[in-house]
Structures are given as structure tokens and as C-alpha cells.
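The values are calculated or read from the model by the stated rules, or taken from the named source; none is laboratory data. Because the structure is predicted, anything quoted here is derived from the model rather than measured. Here the Cβ positions follow ideal geometry from the backbone for every residue, glycine too, while neighbour counts run over all protein chains shown. The area values use the complete protein model at the heavy-atom level, side chains included, leaving out ligands, DNA and RNA. Shrake-Rupley method; radii C 1.70, N 1.55, O 1.52, S 1.80 Å.
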Amino acid sequence: MADPSSYRPEPGQIPDSPGVYKFRDEHRRVIYVGKAKSLRQRLASYFQDIAGLHPRTATMVTTAASVEWTVVSTEVEALQLEYSWIKEFDPRFNVKYRDDKSYPSLAVTLNEEYPRVQVMRGPKKKGVRYFGPYGHAWAIRETVDLMLRVFPVRTCSAGVFKRSAQIGRPCLLGYIGKCSAPCVGKVTPEEHRELAEDFCDFMAGRTGTYLSRLEKEMHIAAEDMEYEKAARLRDDIGALRRAMEKNAVVLADATDADLIAVAEDELEAAVQIFHVRGGRVRGQRGWVTDKVEAVDTAGLVEHALQQLYGEEKGEAVPKEVLVPALPEDTQALSQWLAERRGSQVSLRIPQRGDKKALMETVHRNALQSLALHKTKRASDLTTRSRALEEIAEALDLDSAPLRIECFDISHLQGDDVVASMVVFEDGLARKSEYRRFQIKTFEGQDDVRSMHEVVSRRFRRYLQEKLKTGEWDPEEGEGAAGPVPEDDGRPKRFAYPPQLVVVDGGQPQVAAAKRALEELGIDDVAVCGLAKRLEEVWLPGEDDPVVLPRTSEGLYLLQRVRDEAHRFAIQYQRNKRGKRLKSGPLDEVPGLGESRKQALIKHFGSVKKLRQATIDQICEVPGIGRKTAETVAAALAQAVPAGPAVNTATGEIIEDETPAPAGASSERGTEQ
């Protein structure tokens, strides 16, 4: 734990101007990013007496080992730079909202020749028009089903569309009038695009025009005694009205606004957002966060605005944003939102009327979301803190193990031996730092030897990272320091040591892991093992295990860490085994990539026919030169083909014409 006075800048060094600052820990990792109108005043507030700081702020400044800053010209630039750095460095002490779930949206792919209406989740794509998000995918599908009567836009996948075009016959929706069937040329691309744009206009809230037009056409058809046409238009109007009723009218027709409400306690905060377009609630979403920094409601609102609109442009940013409290830099935030929208954006607190009433509804949803989140045991900050304290007490550690790494070995009767490393920080899984290993130094089943190899490789990489930064000199021993070069602050693969290493197993595995650390000269990382049979915790050199109570939060956390490592190892082992079973003789040909493998199989139809081909015939395949053809022929000649398959009922030999699947490359994130 560092003393903030050890890295406090000199008073005259900090400029009195707007800017963004970063706190780094002893491993040069960025742990906090903030912005300020005056860097001098803001940074000075961090270096006062620790007893006077908020507990979360005190934890941050004592974890940090240095501070640096960047001067900008305006507060808007500071806001943009702060958002970029939080997204890039993922600092552990910044408030980061996490989605309760991935909310679906209604998407219209205007970037395609024949736009398609579909349900989409995940990041937004360029050239796609989005509506929502919605609470449930079925709500979108019901709305779309009603609207396809009036706007028969394509909803099929690319494969179905291509197939219908090939056979010259539309799908069922084309026959029942819920698709204009552009696949078979019933409408031109221009006419279909016009339908898609009308669909978007209706979803955006411009409903009155279409209803008036349809009613007028219905009356004309009735006067002309075209009763079937009039009845169809009547049904279309009814379908559109039912689609509109699914989104309750809450505000005036021209209102485009997002309403943001916050419910919070000392430890966590929940944010709810209602998206109102054309006076109707078109979507809803919610986030929950741990309050890892000292922040009030206005600060939470500011962070929510950054996350909500940081990647948005144009109409995705509404004309009006209603919030429960105005952030400190309201003018800068309003200007930032206006730049993203391309026109003026109003950021304010609703005072009266329908908007204030709707804000109360949003706030009730936020309260309910926070209460529901509190019931989830694994995400309860208080519970996690108690679990870490119980582990520290049971294992006699100097402090709570904020970073825990767990290793597990997986194999199938000695084949495809692999290992996993999972990382938990502050009691929560940090999946971006999970790693997978293949056992290299031997073959066969030996979990103890495998554990020694994996722990050695992981911490050897850690020492290599320290060697790069000058923190460790192998000639002078552990702890020798040198000049620290510039670091970008991004997370490195093995740069940060854990406070606790957990292995899946008992005394032998624990002894192997401890021996691996001692051989590398590492003596500041604790080791323990969790045996599955009785859930006993084993320590190095101890004859008796540590038995934690079954109701212990510490035992529950260790079990979650162990089970996650076990799941991750088994998943990798199964994938590896599956790829080995699917591999063919072409996988052993050096320099032959996936595309050329597929080209060979497609040209000849099967590996058997390829094996019978001459070198000149192989050269006829596009992209295959003579040297590659000779290599392929030699590899197939050396490979022993499997025996012929036999029909056990008749004794008949079955000719093998089945194409052999090409093998896949090793997965990303694997430590080979």
C-alpha cells in the first residue's frame, strides 16, 4: 500500500487549466481516470490527509503509485478524452455500468440492396436503422407481424432469399401478402427500398400521415364499390392501430426524449432509461454498477450519459434528455451531446406535468431493478468483501486477495492434456484475462507434473514482463529495480501477479505449484488447493487441511473460482479433442491454408479422389502451383487411408466419397 505523499507532484507542476488525469498502480496499470476544470484544484484534493478522504478515494490513492495528466483547451475536449480513456484502459476504480442483459432492437438493414427487417442484439452496425431497445424479442416480432400487412418488407435471411431467387418461387410470406417478394422480381429494388423507408418513418413516430392516407383510400374504394379493396385497407388500418397501441402514448406526439433515473445506496447504483419517440415509449434498458469511486447522483448521471451516447450519432441522440440531477459540467455535456446529434440537445430536470410523472415511473423501475440486483448473491459487494476477508483470515494472509488466479488440468485418459487459468478481481470474474495452456514437456496423464509446468510458465512470463520494465534483474535477484520505461497502461497478458494462487486438487498439486514459484524466486504469492471430495483447503507443507464452514462466503467464493477454472479447462479440452477427431491428411501439408484446402476438396469432391489424382490434375485447381501440388501428393501418399467401411447387414464394401473436413487453427487466447 503506497503513501500518496511519495508520488505527490510539486505544487507548481500542476497547471491550472482543464484536463484529464490518470492514476497508475505499481505495475503501471491505469486504475483511475478523471477530468477537471482545474487540474491543480482537483489533484490537490486527492493529496490531503487520508483520514479526511472518502473510504473509496482513500483506497484508490493508496493503491496508486503515480499520477499524470493531459491538458486540453476546453471542458468538452476533457469529456471526450475521459470517455476514450475509460473505454481504452478499463480502470478498476471508475464507475462502469454493466448491462443486466443484452436488449434486442428492431433493425432495418438499409445498407443492403433489399433492406431486411429483423431483431438484432449487440453493437450497432453502420447503415442499419435501429428502433428500441425493447424488453422482449417477442414484443418486436408481434409489432412487425402486424405492420407487414401494410409495409411488406423482406424479413428472410440471406440464405432463404438466395434460395427463393434460384428456384423462382417466393417463401410463404410472399404468398400470404406479408412480403413484397423482391427475390422473384415482384417489386423493383427501388420500390422495395421505398417500402422499407416508409416502415422506418412509421416506427419513428410519423404515423398520422399513413393512417390518413389509408383512410382516404378506403373511402374512395368504398365509393367506387371496390369492397374487397376497402375491406383490406380497413384491416390494414386496424393492424397499424394495434401496433401503435403496443407503445403507450405518454407525451405529446412530437416529443423525442430519453428519461434517465437513478436509484442508489452506499454500495451500488441502478440506472433506468426510457426512450420516448413520437410521444410513445419505444424502448427501455437498465444498468447496475458498484460505486467503486466516491460519486453522487449527478456524477452517476454523467457516467450514464457518457456510456449511453459515447458511440451514438445523429437521431440516436434525442432532442431532449431528462435527468434527476444535473452534472457539474452541464454546459459542456450539452455541447458534447449537441455535437454528437448535429443539432441542439436540451439537458434538464423535469419540473411538472407529464414528463415529471413519467420520470417518477422510470425511477420506480430503477428502484425495482436495484432491489432485484441485491438478491443476486455473487454480485453483492458486501458479500464479496466479506468472502475475501474470510479467505485472508483462514489462510493467514497479510491482506485480502484482491486478485485470485486458479489453475485446473483437464484431459481424457491422458490424451489432449490442457490447463486453464481463470482470474477473479475483487471477487468477480475477469474473463478478458483468462488463459489456456497446452502441456508441452511430456505426454500422458500426470496432473502434478502438468500443474508444475503450467504455474512455471505463467510466472516465468510474469518475470519476463518485469524484466522489460526494469523492475527485476535476474543477476541481482528479485526486487532489483531499474528505470521504468513508458507504458501505455493497457492490460498485459501476464504482467500482474495475483495475491493468491488456487489449484484444483489436494496436497500433491499444491506442492507442485509452490515448488514452481520457489524455483523462480517468487515468495510473495500465496498458494492453496481446493479438493473436490470434501471441499478442503490445503496449504503448502501442512499435513492437515483448513476446513471452512459450509456457510462461509469465503468457501463459496473459492468454489466458484475452482468451478469456473474446471469449466474453462473442460471446454478447451473438448474443443481440442473435437478438432483432432475432425482433422484430415491435408492438415499436415505445410503452407496449405484453409481456402486452398476447401478449393481442393470442392474440385475433386473427396480426399479419396484427390489421393488418386496426378500432380498435373492437382495443378488445375485455381491457386495451386506445381510445388504445392507435389507437396500435397506426397503428403497424401504417406498418409495411410482408413479401411473401407462395410455394411454389416450385407457384407458390401461402401465406397468412401465423403469429403474430409479441414482442420481448424488453434483458438485465440491459447498459450501454446
Would you calculate the separation in nanometres between label points at D235 and S66, each defined as 7 Å from the Cα along the Cα-to-beta-carbon direction?
7.3 nm
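How would F161, F23 rank on accessible area, largest to smallest, probe 1.4 Å? Don't skip to the end; give the middle numbers.
Numbers: F161 35, F23 0 Å².
The ranking, largest first, comes out as F161, F23.
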For the pair Y175 and H219, what calculated FRET efficiency results from E = 1/(1 + (r/R0)^6), where r is the Cβ-Cβ distance and R0 = 45 Å, to the nearest 0.05?
0.95
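Highest first, please rank the peptides 609-616, 257-264 by the mean number of other Cβ atoms sitting within 10 Å of their residues. Let's see the in-between values first.
Values: 609-616: 14.4, 257-264: 23.0.
My ranking of the peptides, most packed first, is 257-264, 609-616.
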What FRET efficiency would be calculated for the residue pair K608, D415, taking the C-beta separation as r and a Förster radius of 25 Å, to the nearest 0.05?
0.40
Determine ³J(HN,Hα), in whole Hz, for all residues of the stretch 540-550 in sequence, where each value follows from phi through the Karplus function 6.51 cos²θ - 1.76 cosθ + 1.60 and θ = phi - 60°; x replaces Gly and Pro.
x, x, 9, 7, 10, x, 8, 9, 8, x, 4
Average accessible surface area per residue within the stretch 1-67, 1.4 Å rolling probe, Å²
46 Å²
For the pair E197/D265, report the inter-label distance in nm, with labels modelled 7 Å from Cα in the Cβ direction.
5.3 nm
Could you state the number of Å between the C-alpha centres of the stretch 493-564 and the stretch 408-442?
15 Å
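What's the carbon and sulfur percent of the stretch 190-235's accessible surface, probe 1.4 angstrom, rounded to a whole number?
48 percent
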Length added when fully stretched, A294-R461, from 0.36 nm per residue minus Cα-Cα
56.6 nm
At 7 Å along the Cα-to-beta-carbon direction for both E26 and N111, put a label point, then send me their distance in nm to one decimal.
4.7 nm
The stretch 284-337 and the stretch 157-204: distance between their alpha carbon centers, rounded to Å:
40 Å
So, R0 is 45 Å and r is the distance between the beta-carbons of S385 and S38; what FRET efficiency does that work out to, to 0.05?
0.85
Hey, can you find the accessible area per residue of the stretch 284-373 for me, probe 1.4 Å, expressed in square angstrom?
45 Å²
List S105, S73, ordered by accessible area with a 1.4 Å probe, largest first:
S73, S105
Taking 0.36 nm per residue of separation and subtracting the Cα-Cα distance, what length does fully extending R348 through S45 add?
106.2 nm
Cross-link pairs beyond the 29 Å C-alpha cut-off, checked among K319/K431; K37/K355; K431/K466; K431/K602; K22/K466
K319/K431; K37/K355; K431/K602
